[in-house]
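I have placed the structure first, in the form of structure tokens, so that the comments after it can refer back to it.
The values are calculated or read from the model by the stated rules, or taken from the named source; none is laboratory data. Fair warning: this is a prediction, and the values are worked out from it, not measured in the lab. Every residue, glycine as well, gets a Cβ built from its backbone with ideal geometry; the counts of neighbours run over all protein chains shown. Calculation scope for accessible area: heavy atoms of the full protein, side chains included, ligands and nucleic acids excluded. Shrake-Rupley method; radii C 1.70, N 1.55, O 1.52, S 1.80 Å.
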Amino acid sequence: MKLIIDNLHLERGDKFLFKNLSFFLESYKPIIVRGSNGSGKTSLLRSIAGLLKPVSGNISFFNETDEKTDYLHQCNYSGHKLAIKNELTVQENITFWGRYYKKEINKDLLIKLKLDSLSDISVGLLSYGQMKKLSLIRVFLAERLIWLLDEPMVGLDSESQIVVKKLIEKHINLGKLIIITTHTDLKFGNQILLSL
Amino acid sequence: MGTYLAIIKRDLLISYKDGDHIAMGFGFFLVIVSILPIGIGSDIDILPKVAPGLLWIAFLLTTLLTISRLFKDDYIDGTMDFMITDSAIFEIIIICKVFAYWLSVTLPLIIVIPIMSILLNIPMDLILPIIFIIFISSPAFVFIAAVGSALTLGMERSGILITILILPLYIPLIILGISAISNNVIGVNSYSVSVMLISGFSMLSIALSPFLISLILRSNSC
């Protein structure tokens, strides 16, 4: 299983971000993307998720049997926008995703992320860190093949960072693919560092 | 199917909890229907003649006023991003969102039409045909307005722009609707022709608008 990024050229609006970027993502080898603000980390993830059209270059996915297949539906992108509804409670947001992805939420995960006691609280009243954890629940619930996580640790307390890191490691150990952008000192075994 | 039902349920719950636009739509509809007859003057015979058209215009303007948020919240909070890339069919997601809007805003307006009709001194035998014609044309109203909502997604105060963009597209529907009601009054057979044309217009809107909206929203996200 391999996601190949070939000669990618990205611009955001009229701003040049990078060109001739080539790399590949494969099982058990997470890619950590680092770079200064505005270097194009988020745009790279959005481009891979099909949310930003590259100026040129190709992104292709080869499955376990080395067949080239469509991968966009296998992606789960979690960006700066948290994709949670402030009008709803924590539980209502989780219930929606459960129904949307037809999956049951693991109650232990809510306890570990300290979201269980907040289930009846309106999301608009949560701190940013709590919202971020709620947003990540969607990614964990969907169980997609490719995770594209943009700054997943931002706003999280140290205990929650450990829980999220363990879940990411579990994803990697299942042979699934992941690209993470981060400014924190996030490290995984066999990781590949990509600097923009 | 569960995925799509989840979207309808969620949007209805948000509409229920954050009832601003429902209340605003209801209030706007009520104000127009109450104020316009005053402008017509004291001649009580004129009101029943113009009232069906008044109801029609009030209904249409309320739709245009309230639909600007249809995709905006999902766009701003990032929900649109995962819906566009997910395995669920985005065009059906759009239909679900428009349907949830129809249930939360349009249907209550249709339900209060009998009361509004009495306020406007519309003859009792005309109330049912008016409800029926507004009901069958309402899918066209909301799906066409939803295109406007998608087009003005990134803009502040998009309500007026949607009205300017979309109002001309409603003209055939208004002509057909008013003619259907008039023909019903004078007992002309072309009532059924108008009804069929309005139904066709609605079905065409349901069939084509989701693809157009999907195209607009996808290009917006890029």
Under Karplus coefficients 6.51, -1.76 and 1.60, residue-wise ³J(HN,Hα) of the range B:133-144 in Hz, glycine/proline x: 5, 5, 4, 6, 8, 4, x, 5, 3, 6, 5, 5
Exposure of B:I164 as accessible area (Å², to 10), given a probe of 1.4 Å and all protein chains: 110
The protein assembly as shown - convex hull of the alpha-carbon atoms, volume per residue in Å³: 156
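How crowded by other chains is B:6-18, given as the mean number of beta carbons from other chains within 10 Å of each beta carbon?
Taking the mean over all residues of the peptide, I get 4.
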Looking at the range A:5-113, which GluC sites (Glu not before Pro) are DSSP coil and have at most 11 other C-beta atoms within 10 Å of their C-beta? A:E64, A:E67, A:E104
Listed residues B:L119, B:S68, B:W102: farthest to the positive end of the dipole of the range B:33-149 (Cβ charges): B:L119
Share of chain B's accessible area from carbon and sulfur, percent, 1.4 Å? 76
Accessible area of chain B divided out per residue, in Å², using a probe of 1.4 angstrom: 44
What are the trypsin sites (Lys or Arg not before Pro) within the range A:95-156 that DSSP puts in a loop, where the Cβ has at most 15 other Cβ atoms within 10 Å? A:K102, A:K103, A:K114
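Give me the percent relative contact order of chain A, please, defined on Cα pairs under 8 angstrom at least 6 residues apart.
Contact order relative to length: 31 percent.
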With all protein chains present and a 1.4 Å probe, how do B:W102, A:W97 order by accessible area, largest first? B:W102, A:W97
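Would you work out the relative contact order for chain B, in percent, from Cα pairs under 8 angstrom that are 6 or more residues apart?
Relative contact order, chain B: 27 percent.
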Please work out the FRET efficiency for the pair B:S87 and A:R12, using the Cβ-Cβ distance as r and a Förster radius of 22 Å; give the result to the nearest 0.05. 0.25
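Based on the Kirkwood radius over alpha-carbon pairs, what is the Stokes-Einstein translational diffusion coefficient of the range B:2-221 at 25 °C with 0.890 mPa s viscosity, in µm²/s?
Diffusion coefficient, whole number: 136 µm²/s.
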Quantify, in whole percent, the carbon and sulfur part of the accessible surface of chain A (1.4 Å probe; protein heavy atoms only). 49
Shape parameters for chain A, alpha-carbon atoms, Rg then Dmax in Å: 16.9, 49
If you take each beta carbon of peptide A:138-148 and count the beta carbons of other chains within 10 angstrom, what is the mean? 1
Total accessible area buried between chains B and A, 1.4 Å probe, in Å² to the nearest 100? 2400
What whole-number value in Å² describes the accessible area per residue of the range A:73-196 for a 1.4 Å probe? 44
Karplus ³J(HN,Hα) for the range A:35-44 (6.51 cos²θ - 1.76 cosθ + 1.60, θ = phi - 60°; Hz, whole; x = Gly/Pro) runs x, 5, 4, x, 7, x, 5, 5, 4, 4
